[in-house]
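What follows is a set of notes on a single structure, which appears directly below.
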Amino acid sequence: MGDDFARLTNDVTLARAAIAAACAMPGIAGVSPSHGVEVATYGPGETVRGVAVSRSSGKMGLSLHLIARYDSALALPALAEQVRGAVRDAVAALGEGPPGAIDVAFEDLHVEEGCPCIP
Amino acid sequence: MHTLNRLIAIGLGLVIMVVAGAVLLIALGVASPEQVLPSAWASRLRTPTSEAESTGWGWTIGGALLGLVAGAALLALEWRSWRRGPAWLTVTDDGLGRVRIATPAVQALVRREAIRIDGVTRVRSWVDQDTTRELRIRCRVAVAPSASMAEVGEAVQNRVKAAVEHHVGRPVAEVVVETATAGPQAARRARRVR
């Protein structure tokens, strides 16, 4: 029971750090509300949306659902690499071991105001 | 939707339609129960002989018709979902993890790029990914009457292919553009550029 509570608290801390690191990237417009099944990390009294922490055979994995900022420089593979790098650094700063797979899902592209609207 | 869920839905739709069809055929007297049902079930069925049973017969016909419609609707929904293509397109998938983009986001990107071309007044788009992860794009474009459909179609192809390959980072195998003159005559003057 105590171990479960500690793990959930730890997962929420990880999720919060990961999503903060991802959203700090200039190419990321925000966290996706997730159409359909909600992607989130649930902890005691707290939910971190847009990121799911998984643990399989001792290895921690992360899945992030984000909205990319659409401009002429946008290149999703490069942006995903930047996000992964930032998330890895954030996780390492918490004293966690290196995460396994980091899945990045772009649910939408955000167009800045003033640009022609997507019809 | 997962493939298994999809197969279950298709199977359920077919079963509902077959059962409803069999019940309808028996109730209308087109076929006998022995012809369409296993003998154990068939022995329990008989044609209505009284007014009270005729009311039940009406309900049976109604229920069977409802079943046919429900089964057809389920299959139609699955067909639409299949035509819409996958919900996600894979950008990269390696030991570091998977990078995906939602198909509607790519469709919006295609529309956004196509609408920027002079002469394009409206765009609809569909995106699919084949087994080699190359993208296949289909656009339906309404072109202003003053513009050349051939030129606009070619411009849409080039712009969409370049934009998707740059932004999404996946090769585009083909962009099929269907052009039509904007306005009520659109359907009569359709043209396809491959």
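Odds and ends about this structure:
- Considering region A:86-96, and only residues there that are free of Cβ contacts under 8 Å to residues at least 40 places away in the same chain and over 12 Å from the mean Cα position of the chain (by Cα), the residue that is farthest from the other protein chains (Cβ to nearest Cβ) turns out to be A:G95.
- Some residue of region A:21-42 being outside any loop (DSSP other than H, G, I, E, B), out of contact with any strand residue (DSSP E or B) (no Cβ under 9 Å at 6 or more places or on another chain), within 19 Å of B:G95 (Cβ to Cβ) and in contact (Cβ under 8 Å) with a residue 40 or more places away in the chain: no
- Flag if A:D108 is in contact (Cβ under 8 Å) with a residue 60 or more places away in the chain, within 11 Å of chain B (Cβ to nearest Cβ), closer than 15 Å to B:V168 by Cβ and surrounded by fewer than 21 Cβ atoms within 10 Å (Cβ to Cβ): yes
- Subset tally (residues that are surrounded by fewer than 17 Cβ atoms within 10 Å (Cβ to Cβ) and more than 10 Å from chain A (Cβ to nearest Cβ)) for region B:98-125: 1
- Applying the set (1) touching a Ser or Thr at 6+ places or on another chain (Cβ under 6 Å); (2) at pLDDT 85 or above to B:V91 leaves exactly one unmet item: (1).
- So B:W82, is it part of a helix (DSSP H, G or I), of a type in the set (F, W, Y) and either modelled with pLDDT of 80 or more or over 18 Å from the mean Cα position of the chain (by Cα) (or both): no
- Residue in region A:20-34 that is facing chain B (nearest Cβ under 9 Å), surrounded by 14 or more Cβ atoms within 10 Å (Cβ to Cβ) and not hydroxyl-bearing (S, T, Y) present: no
- Taken over region A:55-74, the residue count meeting the criterion of being facing chain B (nearest Cβ under 10 Å), surrounded by fewer than 16 Cβ atoms within 10 Å (Cβ to Cβ) and small (G, A, S) is 3.
The values are calculated or read from the model by the stated rules, or taken from the named source; none is laboratory data. Treat the numbers as computed from the prediction; the structure is a model and nothing was measured. Glycine gets a Cβ as well: all are built from the backbone with ideal geometry, and neighbour counts include every protein chain shown.
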